[in-house]
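Visitor: Have a look at this one.
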């Protein structure tokens, strides 16, 4: 399938109304760039799609974005629906990230011929594993020595390296697209039986603990697998930006751990005092504003967490 990727990491997630206004036929908004759950338009302005599991959804019921793409391809006649006047299918993908889920979704479209057939063990193994890992924000209870995780670590090494060297903070679209291209090359190698493995980096530091939550700094790309294995139930992961703001992720390792993340997200937005670039997320993970990061300090975040867990703030 021919795919045009409109990558814009500097733009906050747009509303569904805005996407409907600006998106042309054959547009697909993926993985959090549209602040809405999955959506389809087969009317006079379509075909258009939103594939997302980051907001306004039950993440467990919704599946990761890459799995939504795969199921639309295999079960939703996507190639036929997106067929243009030239007789060839094409898609215009709106994206704001190059992480594992977003990149996998783009590659499923670009390489639709490799993914379309349902009896494809390597494709099913790859997308199935990435679906579970992303649905649970990297905290699906796979064992830390699982070979499959080492295969995923190799596939997504371009993104992990890019994040480690500060590329996400620069928010340069061309760099993000380069990461997608590198991941695509690895996925293709994997699908033809030439995939490799990479040793997992499970390192993280515990910064402080509260009643029911643990604040951490993740060093390794697979740290959350170890965090869950170590018994952490609710994590607060912090990363300092060179600009002085921070990226913060708050996630549940266990589905029924205490705390309503949507309510916590709303409270943090009230304290952040921002409009378009906001805290967002779903039922098992939320995150700070994508573009600018958060200015909230640890004490404020702790106060919100302990309030929503029904516990007093420690002195």
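The values are calculated or read from the model by the stated rules, or taken from the named source; none is laboratory data. Owing to the predicted nature of the structure, the values given are computational and were not obtained by experimental measurement. Every residue, glycine among them, receives a Cβ derived from its backbone with ideal geometry; neighbour counts consider all protein chains shown.
Visitor: Do you know which residues across segment 237-257 are assigned to a strand (DSSP E or B) and surrounded by fewer than 21 Cβ atoms within 10 Å (Cβ to Cβ)?
Guide: Within segment 237-257, 238, 239, 240, 246, 247, 249 meet the criteria.
Visitor: Mind checking which pairs have a first residue in segment 54-80 that is farther than 16 Å from residue 33 by Cα and a second that is exposed (fewer than 15 other Cβ atoms within 10 Å of the Cβ), Cβ under 6 Å, 6 or more apart or different chains?
Guide: Filtered contacts from segment 54-80: 74/118.
Visitor: Same structure again: Just checking, how many residues over segment 26-85 are part of a strand (DSSP E or B) and modelled with pLDDT under 95?
Guide: 1
Visitor: Also, I was wondering about something else. Only one of 149, 114, 132, 177 is part of a helix (DSSP H, G or I), crowded, with 19+ Cβ neighbours inside 10 Å and modelled with pLDDT of 95 or more; which?
Guide: So the residue among 149, 114, 132, 177 that is part of a helix (DSSP H, G or I), crowded, with 19+ Cβ neighbours inside 10 Å and modelled with pLDDT of 95 or more is 149.
Visitor: While we're looking at this one, here's another question. Report yes if residue 92 is buried (at least 20 other Cβ atoms within 10 Å of the Cβ), more than 11 Å from the chain's Cα centre (by Cα), modelled with pLDDT of 95 or more and assigned by TED's automatic domain parsing to the domain that holds residue 25, otherwise no.
Guide: no
Visitor: Out of the residues in segment 281-303 that are under 15 Å from the mean Cα position of the chain (by Cα) and farther than 22 Å from residue 256 by Cβ, state the one that is surrounded by the fewest Cβ atoms within 10 Å (Cβ to Cβ).
Guide: Here the residue is 291.
Visitor: I would also like to ask the following. Among (1) farther than 30 Å from residue 255 by Cβ; (2) in contact (Cβ under 8 Å) with a residue 40 or more places away in the chain; (3) assigned to a helix (DSSP H, G or I), there is one condition residue 185 misses while meeting the rest; what is its number?
Guide: The single condition residue 185 does not satisfy is (2).
Visitor: On to the next question. I want to confirm something. Restricting to segment 258-273 and keeping residues that are assigned to a loop (DSSP other than H, G, I, E, B) and out of contact with any strand residue (DSSP E or B) (no Cβ under 9 Å at 6 or more places or on another chain), which single residue is surrounded by the most Cβ atoms within 10 Å (Cβ to Cβ)?
Guide: The qualifying residue surrounded by the most Cβ atoms within 10 Å (Cβ to Cβ) is 260.
Visitor: If you don't mind, there's one more thing I want to ask. Would you point out which residue out of 262, 232, 250 is more than 24 Å from residue 160 (Cβ to Cβ) and either more than 17 Å from the chain's Cα centre (by Cα) or not assigned by TED's automatic domain parsing to the domain that holds residue 141 (or both)?
Guide: 262
Visitor: Tally time: how many residues in segment 188-205 are in a strand (DSSP E or B) and touching a helix residue (DSSP H, G or I) at 6+ places or on another chain (Cβ under 9 Å)?
Guide: Number of matching residues: 1.
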